[in-house]
1. Of the heavy-atom accessible surface of segment 30-146 (probe 1.4 angstrom), what whole percent is carbon and sulfur?
2. What's the ranking of 111-120, 62-71 by average number of surrounding C-beta atoms within 10 Å, highest first?
3. Just the accessible area per residue of segment 103-166, please: how many Å² with a 1.4 Å probe?
Amino acid sequence: MRTGRVVWHYSLALLGLWLLSACASYSGRGLEPGVATLPEVLATMGQPALNWRDADGSQQLAYPRGPAGSQTFMVFVAPDGRLQRIEAVLDMEHFARIEPGKSNKESVLRLIGPSVPQWTNYFKARDELVWEWRYCDAWNQLARLDVLFDATSGIVRTTYQRPDLSGFDGVAPFCGH
């Protein structure tokens, strides 16, 4: 019985390592700013969920890695087609830029990318649209951010929650970094 449990834990650890290695390109690891080109970004990270082109010819690409992942990467490409930077945007620094009364859907999308479609809800009684993201909080635990768009008043607000989730053997899941 004990041997079976050891094999099970070993198998889970191997699966976890394999999943981490499979996701390495999701973050753009290995792409060097100023050197990597847009085609190299696309070959490494795949097609973005959203793409914006600015008036100067620069581009911003959004790579959400949910619902299982807990990060969204924004890729910034210069007008000459070279990578400027890659930012992980699901963190308190970026969330703090969502301003009640000033932010709108487009500015939220450009700041932290699209939410998981299954977690988008509209509440008719409140005339409010809610988008939700899963992220790793400052305590390295899985948490969720909700951005609420009130269609009546135009006010945007945010809420944070740490789900009470139990993982294997009753241990709360963590983000692994």
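1. Carbon-and-sulfur percentage of accessible area, whole number: 53.
2. 62-71, 111-120
3. Accessible area per residue, segment 103-166: 56 Å².
The values are calculated or read from the model by the stated rules, or taken from the named source; none is laboratory data. Just so it is clear, the structure is predicted and the values come from calculations on it, not from any experiment. All Cβ positions, glycine included, derive from the backbone under ideal geometry; neighbour counts span all protein chains shown. Side chains included, ligands, DNA and RNA excluded: accessible areas come from the protein's heavy atoms. Shrake-Rupley method; radii C 1.70, N 1.55, O 1.52, S 1.80 Å.
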